[in-house]
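Engineer: Below is a structure I'd like to ask you about.
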Amino acid sequence: MSKYLMKFGGNAIRGKEDLDRLAKEIASLVAKGAKIILVHGGGPEITAEIEKRGMTTTMVGGFRITDENVLKVADEVLKGLNEDVVDSLKNAGVNAKGIPGHECVICVKKDPVRVKQGNEMISVDLGLVGETDKIMVEYIDKILSENALPVIYPICADSDGIRMNVNADTVASGIAAAVGCKEMIFITDVPGILRDVKDQGSKIDRVSLKEINDLIADGVISGGMIPKVEACRKAILAGVAAVRMVNGKDKSSIVSDVMNDKPHGTLIVK
């Protein structure tokens, strides 16, 4: 049976009601024989917790520097979210297993990024932030072979065991490509790519990377939609065969239709 990787963050799925709804849909897919890997982030929740604790953090060019204190908060928040996801899945009858990224992903420190500060471009070291280097495919496949569903959060570690925060999209695309998933399902807060943002009926069912370039150039894809589409592009370029963008706020179906021929969300291919 085909493997699917699903990725969501706090902007798409938040709170018990959203989690329970997603869990029930995942349970229906598992019952049909699908092998599913779930990866989640939690950026909004991490930011809220940092603010709640009154922590002083360093921001440069829109990027937060991740020091040991920030990493600790991220780890605590993501671990808590992971437990909530696993509980919802278990309540829906799914044999879910929560996993920190450092159990299945070896990362390397992220290179400094170039950002604009004032009138000049500067190089910024983001601190304890990593990029995926190697996926422990055998470990993930073993969990799947035991009819369990891995639920992974992106606190990873390098070969020396140094923990780092890794972008959840990066972790998801790396795993999806490495284990040979049929699709990576990117759960967002939009129904897919729309030709007209004011018309839900203008959703594009299938699009290639070249067509995405044209849509961006024509201004059809703009604003906050660009980062979502670029995350999908990153997954395709990492080796994922197809990425499906779906709406986590859809009350009728978030992911239940992905195994059917019915067009659901926007399917992005190379």
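Engineer: Against the definition (under 18 Å from the mean Cα position of the chain (by Cα) and outside any helix (DSSP H, G or I)), how does Val240 come out, yes or no? Can you show your working first?
Structural biologist: Working: under 18 Å from the mean Cα position of the chain (by Cα): yes; outside any helix (DSSP H, G or I): yes.
Yes.
Engineer: Can you tell me which residue among Lys109, Lys90 is over 19 Å from the mean Cα position of the chain (by Cα) and under 21 Å from Lys35 (Cα atoms)?
Structural biologist: On the way: Lys109 fails: under 21 Å from Lys35 (Cα atoms).
Being over 19 Å from the mean Cα position of the chain (by Cα) and under 21 Å from Lys35 (Cα atoms) holds for just one of Lys109, Lys90, which is Lys90.
Engineer: Let me ask something additional. Checking Val113 against (1) in contact with a Ser or Thr (Cβ under 9 Å, 6 or more places away or on another chain); (2) among the hydrophobic types (A, V, I, L, M, F, W, C); (3) farther than 30 Å from Ala148 by Cβ; (4) open to solvent by 50 Å² or more (accessible area, probe 1.4 Å): exactly one of these is not met. Which one?
Structural biologist: (4)
Engineer: Please find, within the stretch 46-86, the residue that is nearest to Asn119 (Cα to Cα) out of those that are open to solvent by 70 Å² or more (accessible area, probe 1.4 Å), part of a helix (DSSP H, G or I) and without any contact (Cβ under 8 Å) to a residue 40 or more places away in the chain.
Structural biologist: Only one residue tops the list, namely Glu51.
The values are calculated or read from the model by the stated rules, or taken from the named source; none is laboratory data. This structure is a prediction, so every number in the text was calculated from the model and none was measured. Note that we place each Cβ from the backbone using ideal geometry, even for glycine, and neighbour counts take in every protein chain shown. To get the accessible areas, we keep the full protein, side chains included, count just its heavy atoms, and leave off ligands, DNA and RNA. Shrake-Rupley method; radii C 1.70, N 1.55, O 1.52, S 1.80 Å.
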